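Only one structure is covered here, and it is reproduced in the block below.
None of the figures in this text is laboratory data; all of them are computed from the coordinates on show. Just so you know, these numbers come straight off a predicted model, no measurement behind them. All Cβ positions, glycine included, derive from the backbone under ideal geometry; neighbour counts span all protein chains shown.
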Amino acid sequence: MTDPVPNPRNLSRRTMLRSLMVAAAIVPLAACSGKEDSLTAQANSGDGKNYIAGDGAVQEYEVSQRSEPVEIKSKTYHGTDVDFSQWQGKPVVMNFWYAACAPCRIEAPDLKKLANNFGDKVEFIGINVRDEAEAAKAFERTFDLPYESIQDTNGDVQLAMTKYVPLQAVPSTLVLDRKGRVRARVIGAVEPSTLKSLIDTALTEEL
């Protein structure tokens, strides 16, 4: 039995549909390739900051943009008195976290390593936004953190810092300059190379 001869009209219609589908796929690719993404822009900027913020969540503040020194007095989960004014003269790293936060657990080993590497040249302090003492201390033991944390379940510290850290933005990290003013923030889990660069700059910049 002889195969039926294809209808030229049907072939033409199928060919046209395939052409339209290919064209539709090419347009988005062309649009993406024609626009420099944020990673490429940062890599090509030549500004010497030595890191790339993959999600664009890093913000640095010029000296003229910085607020008054942060004034916080509290106690850690271990009963240690904390007074930020006593830390002026060195950078301070504030990390907002809670124990069940998956990104917080991911970044904890990096924060531990950086805190140990910088030693007494930089103060690290955790701001725990949800946990009671038992859960917070268990987290500190699990990751062997060399610094303590303030309990902020009432939100006082977060409210004081809402200019820089939106409520519920956890994890977040702030770097204070040697005068106690916010010089940088990272919304989301921080890359260790990013935080190291921010701290290095805070240690050496002229104020």
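Remarks
- Extreme residue, positive dipole direction of the range 126-177, given options 165, 146, 175 (C-beta unit charges): 165
- Here the Karplus relation 6.51 cos²θ - 1.76 cosθ + 1.60, evaluated at θ = phi - 60°, turns the backbone of the range 72-83 into coupling constants of 10, 10, 6, 10, 7, 4, 9, x, 6, 5, 10, 9 Hz, with x for every Gly and Pro.
- Summary value for the range 163-204: 37 percent relative contact order, contacts being C-alpha pairs under 8 angstrom separated by 6+ residues.
- Global form of the range 49-207, assessed from the alpha-carbon gyration tensor, a/c cut-off 1.5: rounded
- Length gained on full extension, residue 82 to residue 59: 5.7 nm, using 0.36 nm per residue less the C-alpha separation.
- Hz values of 3J(HN,Hα) by residue in the range 100-109 - Karplus curve (6.51, -1.76, 1.60), Gly and Pro given as x: 8, 7, 4, x, 4, 5, 5, 7, 4, x
- Geometric extent, Cα atoms of the range 119-207 - Rg, Dmax (angstrom): 13.7, 42
- Taking amide hydrogens as placed 1.01 Å from N in the peptide plane, the amide H of residue 97 sits under 5 Å from those of 127, 128, 129, each at least 5 positions away in sequence or on another chain.
- Residues with amide H under 5 Å from that of residue 72, placed H, sequence gap 5 or more: 84, 85
- Tensor-based shape of the range 156-207 (alpha-carbon gyration tensor, a/c under 1.5 rounded, otherwise prolate or oblate): oblate
- In a simple Cβ point-charge model (Lys, Arg +1; Asp, Glu -1; nothing else charged), the range 74-207 has a dipole of about 260 debye relative to its Cα centre.
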